[in-house]
Amino acid sequence: MKKPIKPARENISPSDLTFGLSTCKRCLWIKYWYKVIMPGQFPLVGTMASLQEEHFQGADMPTIDPSLRPGKVTKWGEWVKSKPLMVNGVESRWRILGKYDLVSTNDDGTIGLIDCKVSDSERDNGQFYSPQLEAYAYSLENPAAGRAQSVASMGLLVWKPTHAVGDSLENYGFGVFQKYLPVERDQANFLRVIGEFIEVLEGDLPDSGPTCTTCIYLNERSALDNA
Ligand code: SF4
């Protein structure tokens, strides 16, 4: 596959630093150079995340977790875009562009970043999501336009569904167990991950992974089409 003169998109999505990098890199490369994106199949994820975000709009931070600095959730669902990312001291063509879930304004002038999840996956730990949250923090601290802000805390707010509730047609729902997982700031790791990511994007089309069921399906399908 030939590389076009320019990538179809030069804005890196924070979520690609977690899910994208955990598989083979071929689909990512195609996404950024050709804007051809594998369709996802997560029918309820958007609805659940929106309901969870809405619930915490205006919330006092210490009521979410006592470890959080005094302040209130003042922003939600806003897009952030960074300055061009630096790789080995040189400005690249790539930027971060993403929409965060919740941001607090803290009494001391700093801000807090919260990523909402409805999930029962063991993978929901701070380390896995650290590069994604750091990408939002990087954009808030190095914005393409406007005032830079200082991110004092980052964390995952996880709702794990545990039981059904309600007793009438209009009143059924799910009860959840809530936990807040602080994610330590680790900008050095983020810069390493984003550097590797950009190196992949600037390189040639990567090979496909040997165990990905999608590629196995596509290869078998293409063999049938050509038989
Ligand atoms: S193995 Fe194929 S479908 Fe799977 S991520 Fe890689 S290129 Fe995409």
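The rows are residues; the columns are (1) among the aliphatic types (A, V, I, L, M); (2) closer than 21 Å to Tyr136 by Cα.
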residue: Ile5; (1), (2): yes, no
residue: Asn11; (1), (2): no, yes
residue: Tyr34; (1), (2): no, no
residue: Phe42; (1), (2): no, no
residue: Ala49; (1), (2): yes, yes
residue: Gln57; (1), (2): no, yes
residue: Met61; (1), (2): yes, yes
residue: Pro66; (1), (2): no, no
residue: Gly89; (1), (2): no, yes
Have a look at Ile37, Ile111 and point out the one that is of a type in the set (Val, Ile, Thr) and within 16 Å of the ligand (Cβ to nearest atom).
Ile37
Residue by residue through the stretch 173-227, note down the ones that are of a type in the set (Phe, Trp, Tyr), within 15 Å of the ligand (Cβ to nearest atom) and touching a residue at least 12 places away in the same chain (Cβ under 8 Å).
Phe197
Tell me which of these Gln132 doesn't satisfy, since it passes every other one: (1) in a strand (DSSP E or B); (2) crowded, with 22+ Cβ neighbours inside 10 Å; (3) not hydroxyl-bearing (Ser, Thr, Tyr).
(1)
When you check Ser15 against the structure, is it within 24 Å of Gln187 (Cα to Cα), within 16 Å of the ligand (Cβ to nearest atom), of a type in the set (Gly, Ala, Ser) and surrounded by 11 or more Cβ atoms within 10 Å (Cβ to Cβ), yes or no?
yes
Among the residues that make up the stretch 145-162, is at least one of them surrounded by 12 or more Cβ atoms within 10 Å (Cβ to Cβ), on the phi < 0 side of the Ramachandran plot, in a loop (DSSP other than H, G, I, E, B) and in contact with a strand residue (DSSP E or B) (Cβ under 8 Å, 6 or more places away or on another chain)?
yes
For Gln52, are the conditions met, namely being surrounded by 19 or more Cβ atoms within 10 Å (Cβ to Cβ), more than 12 Å from the ligand (Cβ to nearest atom) and over 28 Å from Asn189 (Cα atoms)?
yes
Could you list all residues from the stretch 146-167 that are over 24 Å from Lys72 (Cβ atoms) and free of Cβ contacts under 8 Å to residues at least 12 places away in the same chain?
Ala164, Val165, Gly166, Asp167
Quick check on the stretch 88-102. Is at least one of its residues basic (Lys, Arg) and exposed (fewer than 15 other Cβ atoms within 10 Å of the Cβ)?
yes
Restricting to helices (runs of 4 or more DSSP H) lying wholly in the stretch 1-69: which have 2 or more residues that are among the acidic types (Asp, Glu) and in contact with a Phe, Trp or Tyr (Cβ under 6 Å, 6 or more places away or on another chain)?
none
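Bear in mind that the values in this text are calculations on the coordinates, not laboratory data. These numbers were taken from a predicted model, which means no experiment stands behind them. Counting neighbours? That spans all protein chains shown, and the Cβs are built from the backbone with ideal geometry, glycine included.
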